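**Student:** Before we start, here is the structure in question, set down as C-alpha cells.
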Amino acid sequence: MNEQVQSELKKIFNSRFTTSESARANYARGEDTYDPVLSKAVVFPETNEEVSKILRLCNEHKIPVVPFGTGTSLEGNVVGNEKGITICLEKMNKILSVNVEDFDCRVQACVTKEQLNEYLREDGVFFPIDPGANAALGGMASTSASGTMAVKYGTMKTVISGLTVVLPNGDIIKTGGRTKKTSAGYNLTNLFIGSEGTLGIITEVHLRLSPIPESIMSAVCHFPALENAVQTAQQVIQYGIPIARIEMLNKDQMGISINYSKLKDIQAVPTLFFEFHGSESSNNENIKIVEEISKDNSGSSFKWAKDLEERNKIWRARWDVYYSVKALINNGRVYSTDVCVPISKITECVNYAEEQAEKFGVRAPMVGHMGDGNFHVILPFDPENKESYKKIKAFNDTLIRKALELNGTITGEHGVGLHKKEYLLEQHPDNIPVMKSIKRTLDPNNIMNPGKIFDLN
C-alpha cells in the first residue's frame, strides 16, 4: 500500500483507519487452521458510500482487499493479505427496517443472527437460519451458510431476497427486492451469495422472516450405536415428517459436550437432538411418529426440554461443540470437515467417517445436521506437530472423496476459502473457467479477496 493511499484513507476515516500491529493481528484470520496473515492496514467503514470510496481507491491503485465480519469463518475465507488492507464491517451493524406484515427486514452486513432475533422478539417473527456461531449476516450470505434448521427453513440462499453490494470499482448495486418472486433478468442475488467477497462486498442483506411457532418442543434421544441414530434421522426425513431440526452428536462429542456445557442427566452415547415447531396438536402428532421410529432403531425414551431455559441449555451445548473440542488442547487448533451427501447416503458416509478416523488414528468428535445430509467431524490437533496435521489432512482428503463418490459436495455450508480450493477443482472442473470469467469481468484487477475459492491465473 503506497503512501498516497494510506494518506487518503487516513484523511477520510481518521481513527477508523489503523496500521497498528495489534489491530492488524486481531483481523488476520477466522476460526480456521491457518497462521494469521496481517494486512497492511485495517479500515472500519460505517456506510455503503464509505465502502465505495475504499474500493474505488484500492481498485485504482490495485491494492488487494479482504472483507471481514465477525471472524467465525472456518476455511481461511478471511485470512488477511500482506500486500493489501482488511475492510472490517463491524461498525455496519444497524437493523435498517422491519416489515412484520410482509415477514421481511433489511440489515447491514455485520448485524448478527442473535442481535436480529433479540430485536424481533416482540414482533412475533424470527430469523431462522442458525449456523451455530453468532455470525454476521453478511458473512453468512458470503459463504452461503445454513446450520441446524435448514430442514424446515432452508439456507441463506432460501431466505435472502436481495442484497446491496459494492463492486470492486466502487459502484453500489441493489439486487432482488422485497417480493416473494421475480423474473426480472439475471439472478444477481444468487451470484453474490457464496462468492466469499471475491466479487464485491455485501453491505446490506434483505431477509425473509418466519412467524414464531405457537409451540416449540425439544427432546434428546440416546442410541446404542451411531448407525442407529443416523438411520433414525434418515427415516424421519424420508417419511416426510415435518421437523424443525434434527442434530446428531456421536459418543465422543457427547462426552466432551457434557463436561464442557455441564449437562446433567444426559448420557455420553450417540444422541439425536430433535426440535418440533408448529401447533401443540401437530407437534404431539409428529412426536408420536418420531418416537416410534426412534424406538424401532433401539432409541431411548425422549428426554424433554419443556421450557425456554431448558431448551436453550440443550441447544447451547450443541452450538458450543466447536469450542468444546478446542478446549481439549492448550493452544491447539481445530479443523471441522464439512461434507454433505444425499439423505439416502448419509448413513453410509457417517459410518465411513468413523471407520477412517480409526484407521488414521485421529480423534473424531462428530456433529451432524442429519435433516439435510450435512455433518462435521471436529478434529483437534497441535499446530506444532506436523504429523498431527498430516493425519488430519489425510483423513479429510479421504472423507471428501467418499462424499464426491456418493454424489455429495466438498462443502455444505463453510464455503471454499483457502482450504478447499483443490477439492473444488475435483468437484467442479468444468465450472472453474466460468467462475474465473465472471471474476475477471467484475474484478479485472483481482483486488477482491484474491486467492480465495480459486487462483486467478
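**Student:** In degrees, nearest 10, range 0 to 90: what is the angle between the Cα axis of helix 251-261 and the longest Cα principal axis of the chain?
**Tutor:** Relative to the chain, helix 251-261 is tipped by roughly 70 degrees.
**Student:** Could you list, in their original order, any pairs among Lys11/Lys40; Lys152/Lys439; Lys91/Lys436; Lys181/Lys439; Lys11/Lys91 whose Cα atoms are separated by more than 22 Å? Please report the intermediate quantities before stating the final value.
**Tutor:** Values: Lys11/Lys40 17 Å; Lys152/Lys439 33 Å; Lys91/Lys436 31 Å; Lys181/Lys439 27 Å; Lys11/Lys91 18 Å.
Flagged as over cut-off: Lys152/Lys439; Lys91/Lys436; Lys181/Lys439.
**Student:** Answer with one residue from Leu425, Phe454, Thr19: the one whose Cα lies farthest towards the positive end of the charge dipole of the chain, charges on Cβ with Lys, Arg +1 and Asp, Glu -1.
**Tutor:** My answer, from the dipole projection, is Thr19.
**Student:** Give me the distance in nm between label points sitting 7 Å out from Cα along the Cα-to-Cβ direction at Glu118 and Glu309, one decimal.
**Tutor:** With each label placed 7 Å out from Cα toward Cβ, I get 2.0 nm.
**Student:** Order by neighbour count: Lys452, Lys393, fewest other Cβ atoms within 10 Å first, most last.
**Tutor:** Details: Lys452 24, Lys393 16.
In increasing order of surrounding Cβ atoms, one gets Lys393, Lys452.
**Student:** Would you please report the Å³ per residue occupied by the convex hull of the alpha carbon atoms in the stretch 214-414?
**Tutor:** Numbers: hull volume 22.1 nm³, N = 201.
Each residue corresponds to 110 Å³ of Cα convex hull volume.
**Student:** Next up: At a Förster distance of 22 Å, what's the computed FRET efficiency of Lys393 paired with Leu328, Cβ-Cβ distance as r, to 0.05?
**Tutor:** Values: r = 19 Å, r/R0 = 0.88.
So, using R0 = 22 Å, E works out to roughly 0.70.
**Student:** Using 0.36 nm per residue of separation minus the Cα-Cα distance, give me the extension gain between Ala25 and Glu292 in nm, one decimal. List each step's numbers first, then the result.
**Tutor:** Working: separation 267, 0.36 × 267 = 96.12 nm, distance 5.27 nm.
Length gained between Ala25 and Glu292: 90.9 nm.
**Student:** Which one, Met254, Pro383, Gln235, projects farthest toward the positive side of the charge dipole computed for the stretch 214-414 from Cβ point charges (K/R +1, D/E -1)?
**Tutor:** The residue sitting most towards the positive pole is Pro383.
**Student:** Which of the peptides 280-290, 106-116 is most tightly packed, and how do the rest follow, judged by the mean count of other Cβ atoms within 10 Å per residue? Each step should come with its number before you reach the end.
**Tutor:** On the way: 280-290: 15.4, 106-116: 21.5.
Packing order, densest peptide first, comes out as 106-116, 280-290.
**Student:** Something else now. For Phe126, enumerate residues with amide H under 5 Å from its amide H, sequence gap 5+ or separate chain, H modeled in the peptide plane.
**Tutor:** Excluding prolines and chain starts, which carry no amide H, the hits are Ser210, Ile212.
**Student:** Taking the square root of 5 times each eigenvalue of the Cα gyration tensor, what semi-axes in Å does the equivalent ellipsoid of the stretch 333-399 have, largest first?
**Tutor:** On the way: eigenvalues 101, 27, 14 Å².
Those come to 23, 12, 8 Å.
**Student:** Rg (Å, one decimal) plus Dmax (Å, integer) for the alpha carbons of the stretch 367-419?
**Tutor:** Just the Cα atoms of the stretch 367-419 yield Rg and Dmax of 12.4, 37 Å.
**Student:** Name the residue farthest towards the positive end of the dipole of the chain from the options Ala268, Val43, Val416, assuming +1 on Cβ of Lys and Arg, -1 on Cβ of Asp and Glu, about the Cα centre.
**Tutor:** Val43
**Student:** With 5 Å bins from zero, work out the P(r) of the stretch 99-251 over every alpha carbon pair and list the percent per bin.
**Tutor:** 2, 8, 16, 19, 18, 13, 11, 7, 4, 2, 1, 0
**Student:** Can you give the charge dipole size of the stretch 3-90 about its Cα centre, rounded to the nearest 20 debye, using +1 on the beta carbon of Lys and Arg and -1 on the beta carbon of Asp and Glu?
**Tutor:** Numbers: 10 positive and 13 negative charges, 67 e Å.
Taking the Cα centre of the stretch 3-90 as origin, the dipole is about 320 debye.
**Student:** While we're on this one: Taking the inverse of the average 1/r across all pairs of different Cα atoms in the chain, what Kirkwood radius in Å do you get? Before the final figure, lay out the partial values.
**Tutor:** Working: mean 1/r = 0.0437 Å⁻¹.
For the chain, the Kirkwood estimate is 22.9 Å.
**Student:** As an exercise, use a Förster radius of 22 Å and the Cβ-Cβ distance of Lys83 and Ile432 to find the FRET efficiency, rounded to the nearest 0.05. Can you show the working numbers first?
**Tutor:** Values: r = 24 Å, r/R0 = 1.10.
With R0 = 22 Å, the Cβ-Cβ based efficiency is 0.35.
**Student:** Under a plain spin-label model, where a point goes 7 Å from the Cα along Cα-to-Cβ, how far apart in nm are Asn14 and Gln267?
**Tutor:** Spacing of the two 7 Å Cα→Cβ label points: 6.3 nm.
**Student:** With +1 on the Cβ of every Lys and Arg and -1 on the Cβ of every Asp and Glu, and nothing else charged, how large is the dipole of the chain about its Cα centre, in debye rounded to the nearest 20?
**Tutor:** Working: 51 positive and 56 negative charges, 169 e Å.
The dipole magnitude comes to about 820 debye.
**Student:** Under the 0.36 nm per residue contour assumption, what length would be gained going from the current alpha-carbon distance of Gln6 and Thr182 to full extension?
**Tutor:** Working: separation 176, 0.36 × 176 = 63.36 nm, distance 4.28 nm.
Computed gain between Gln6 and Thr182 is 59.1 nm.
**Student:** Calculate the dipole size of the stretch 357-416 relative to its Cα centre from +1 charges on Lys and Arg beta carbons and -1 charges on Asp and Glu beta carbons; express the result in debye to the nearest 20. The partial results should precede the final answer.
**Tutor:** On the way: 8 positive and 8 negative charges, 45 e Å.
Dipole about the Cα centre, nearest 20: 220 debye.
**Student:** What whole-number distance in Å separates the alpha-carbon centres of the stretch 172-219 and the stretch 29-69?
**Tutor:** 23
Read-outs throughout are calculated quantities, based only on the coordinates presented, and are distinct from any laboratory measurement. Small disclaimer: the values here were computed from a predicted structure and weren't measured. Here the Cβ is made from the backbone with ideal geometry for all residues, glycine too, and neighbour counts use every protein chain on show.
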